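Everything below concerns the one structure shown next.
Each reported figure results from applying straightforward, stated rules to the coordinates on display, with no laboratory input. Note that the structure is predicted; figures quoted are calculated from it, not measured. For neighbour counting, all protein chains shown are included, and Cβ atoms are generated from backbone atoms with ideal geometry for every residue, glycine included.
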Amino acid sequence: MRKKIVAGNWKMNLTLLEGAELVNDIFKGLPILSEDKKVVIAPPYTHLTQTAEQLTGMIDVHLGAQNCACEASGAYTGEVSAAMLKSAEVEYVIIGHSERREYFNEDDATLAKKVNQALSNGLEVIFCCGEPLAIRDADTQNEYVENQIKAGLFHLSDSQMGHIVIAYEPIWAIGTGRTASSAQAQDMHAHIRGVVAAKYGETTAENTSILYGGSCKPSNAPELFACPDVDGGLIGGAALKASEFIGIIEAMA
């Protein structure tokens, strides 16, 4: 059975002290989770060691990173390798987030290399995909997202796909004033699962967790998570407030 996952992406927010306080507040309100449910916290690089120490002994909460380099090591000033993340007790890494694709021009070939680096160092990958407004308005979103998945993941073996979580980001519904309905989320998630099934088979597809990454909040999380192909959320702004993040986790629990 595939896992239900709520992952909090802090992006470029919070000082070390603020991050430590947030983790402590999350712990205080964290519900008891069954074995098929997980929480991932992905703070900035500077917080990883501190957060790893805070997570010691926590079974349900896992440490993630927001990115990794596409090379193993070398003269790449400012980059952080997958091996470095692993040595910092990171378990998950987010690859291909819409902001990385847009602001830092990360293309499909670069993201595929990052996926390879992460997997070769024993990390679980949260691979992001999703379409912008123009693609949604043209009603070509299914083909667009399918191409992202094929380019980033379809070189992997069956066993490697077992370490991939897919996160769907409806970019057109983030900060645009438009809202993605639970039906639209379900339609895309079902399409993504079908894309995976066509390449890797029904069993792999059914075991692949697909998260929703489009402005998920405590108010809409129950409806979203009730969709049969929505297996949790990749949370941005709401992950920075313990009460909101816990509310989303409770919707999964």
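Quick look at the values:
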{"quantity": "At most 15 other Cβ within 10 Å, DSSP loop - trypsin sites (Lys or Arg not before Pro), the range 127-188", "calculated": "ARG178"}
{"quantity": "Within the chain: Cβ-based charge dipole about Cα centre, in debye rounded to nearest 20 (Lys, Arg +1; Asp, Glu -1)", "calculated": "140 debye"}
{"quantity": "Sequence-distant lysines (8 or more away, or on other chains) whose Cα lies within less than 24 Å of LYS37", "calculated": "LYS3, LYS4, LYS11, LYS28, LYS86, LYS217, LYS241"}
{"quantity": "Relative contact order, percent, the chain [alpha-carbon distance under 8 Å, six or more residues apart]", "calculated": "23 percent"}
{"quantity": "GLU79 paired with ASN24, simple spin-label distance in nm, labels 7 Å along Cα-to-beta-carbon", "calculated": "3.8 nm"}
{"quantity": "Positive-end residue of ALA109, SER73, PRO132, charge dipole of the range 65-135 with Cβ unit charges", "calculated": "SER73"}
{"quantity": "Sparse-neighbour loop sites [chymotrypsin sites (Phe, Trp or Tyr not before Pro); the range 1-97; at most 14 other C-beta within 10 Å; DSSP]", "calculated": "TYR76"}
{"quantity": "Global form of the range 4-252, assessed from the alpha-carbon gyration tensor, a/c cut-off 1.5", "calculated": "rounded"}
{"quantity": "Paramagnetic label zone (point 7 Å from Cα along Cα-to-C-beta, ALA183; backbone N under 19 Å) in the range 136-165", "calculated": "136-142"}
{"quantity": "Dipole magnitude of the range 154-253 about its Cα centre (Cβ charges: Lys, Arg +1; Asp, Glu -1), debye to nearest 20", "calculated": "280 debye"}
{"quantity": "Label-zone membership for the range 136-163, site ASN207, 7 angstrom Cα→C-beta point, backbone N under 15 Å", "calculated": "157-163"}
{"quantity": "R0 of 35 Å, Cβ-Cβ distance ASN147-LEU17: FRET efficiency to nearest 0.05", "calculated": "0.25"}
{"quantity": "For VAL80, residues with placed amide H under 5 Å, excluding near neighbours", "calculated": "ALA69"}
{"quantity": "Of the chymotrypsin sites (Phe, Trp or Tyr not before Pro) in the range 93-142, those whose Cβ has at most 16 other Cβ within 10 Å and which sit in DSSP loop", "calculated": "PHE104"}
{"quantity": "Cα centroid of the range 170-199 to Cα centroid of the range 209-252, whole Å", "calculated": "14 Å"}
{"quantity": "Estimated dipole of the range 168-226 in Debye, rounded to 20 [Cβ of Lys and Arg +1, of Asp and Glu -1, Cα centre]", "calculated": "140 debye"}
{"quantity": "Long-range HN-HN contacts of GLY233 with modeled amide H, under 5 Å", "calculated": "ILE5, VAL6, ALA7, TYR212"}
{"quantity": "Positive minus negative residues near GLY247 (Lys, Arg vs Asp, Glu; Cβ under 11 Å)", "calculated": "0"}
{"quantity": "Label-to-label distance, nm, for residues given as ILE59 and ALA109 (7 Å Cα→Cβ offset)", "calculated": "4.7 nm"}
{"quantity": "Net charge of Cβ neighbours under 14 Å - reference GLU99; Lys, Arg +1; Asp, Glu -1", "calculated": "0"}
